[in-house]
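This report concerns only the one structure given below.
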């Protein structure tokens with residue numbers, strides 16, 4: 001298995017194949033709408049990737065700025081957004097910690113499965129890196145704007161639980177130090193076959209996880225997801 005940074009830089013097509021199979025019951029868009037309506041909202045999205053979250057609200061938003069540090073990932077997002085035949089969006093190559101955007105231009109800033117990687121990429125300074133990112137998400141918001149953060153609570157889990165202690169510390173930090181509320185949902189993967197599930201998930205989660213999927217004969221693989229939010 002390639003490391004996540006390499007996947008995002010060099011294997012965007014395989015990553016898109018993975019995330020296209022997640023949340024087949026569409027629990028995530030319903031959970032987002034319960035937090036904040038995206039109708040006619042100006043939205044800034046960090047770590048946009050191939051646009052899996054973006055397309056959940058794109059048809060209803062007034063404007064979208066989709067940011068990611070990898071142009072290969074944004075290429076997929078642009079293709080999806082272009083298919084809407086609207087001109088209310090743009091993409092920008094940017095680090096989560098240094099958004100090249102003005103203050104107070106958005107109603108919602110959202111990041112899906114992106115900020116938690118700071119722990120792996122910056123093991124000694126991840127707390128300050130995440131603080132910087134949250135500051136950026138706050139800075140671009142207008143008064144009464146909302147920050148929304150989406151992260152994993154376990155692939156292969158039927159009950160939500162942080163996959164490891166570092167993520168648990170990050171989630172605790174969001175709630176106790178930054179005042180975020182939270183909820184958990186299921187965003188299970190659905191594949192055409194056990195073989196496909198093992199192949200596609202193995203690419204991202206490794207051979208051991210792929211073998212478990214095969215042993216359990218799982219064309220539908222459980223996934224728990226957490227949402228954290230805070231209003232400015």
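The values are calculated or read from the model by the stated rules, or taken from the named source; none is laboratory data. Since the structure is predicted, the reported quantities are computational estimates derived from the model, not experimental observations. All Cβ positions, even for glycine, are placed from backbone atoms using ideal geometry, and neighbour counts span all protein chains on display.
Enumerate the helices (runs of 4 or more DSSP H) found wholly within the range 49-127, keeping only those where 1 or more residues are over 15 Å from the mean Cα position of the chain (by Cα), touching a residue at least 60 places away in the same chain (Cβ under 8 Å) and over 25 Å from residue 17 (Cβ atoms).
none
Right, residue 208: under 22 Å from residue 31 (Cα atoms) and modelled with pLDDT of 95 or more or not?
Taking the combined requirement at face value, the residue does not satisfy it.
Is there any pair linking a residue in the range 209-232 that is within 12 Å of residue 151 (Cβ to Cβ) to one that is surrounded by fewer than 15 Cβ atoms within 10 Å (Cβ to Cβ) and modelled with pLDDT under 95, with Cβ under 6 Å and at least six apart or on different chains, and which?
Pairs found: none.
Given the criteria modelled with pLDDT of 95 or more, under 23 Å from residue 187 (Cβ atoms), crowded, with 22+ Cβ neighbours inside 10 Å and touching a strand residue (DSSP E or B) at 6+ places or on another chain (Cβ under 8 Å), does residue 130 qualify?
Considered against the rule, which asks whether it is modelled with pLDDT of 95 or more, under 23 Å from residue 187 (Cβ atoms), crowded, with 22+ Cβ neighbours inside 10 Å and touching a strand residue (DSSP E or B) at 6+ places or on another chain (Cβ under 8 Å), residue 130 comes out as no.
Output the number of the condition that residue 24 fails; it satisfies all remaining conditions of (1) crowded, with 21+ Cβ neighbours inside 10 Å; (2) in contact with a strand residue (DSSP E or B) (Cβ under 7 Å, 6 or more places away or on another chain); (3) outside any helix (DSSP H, G or I).
(1)
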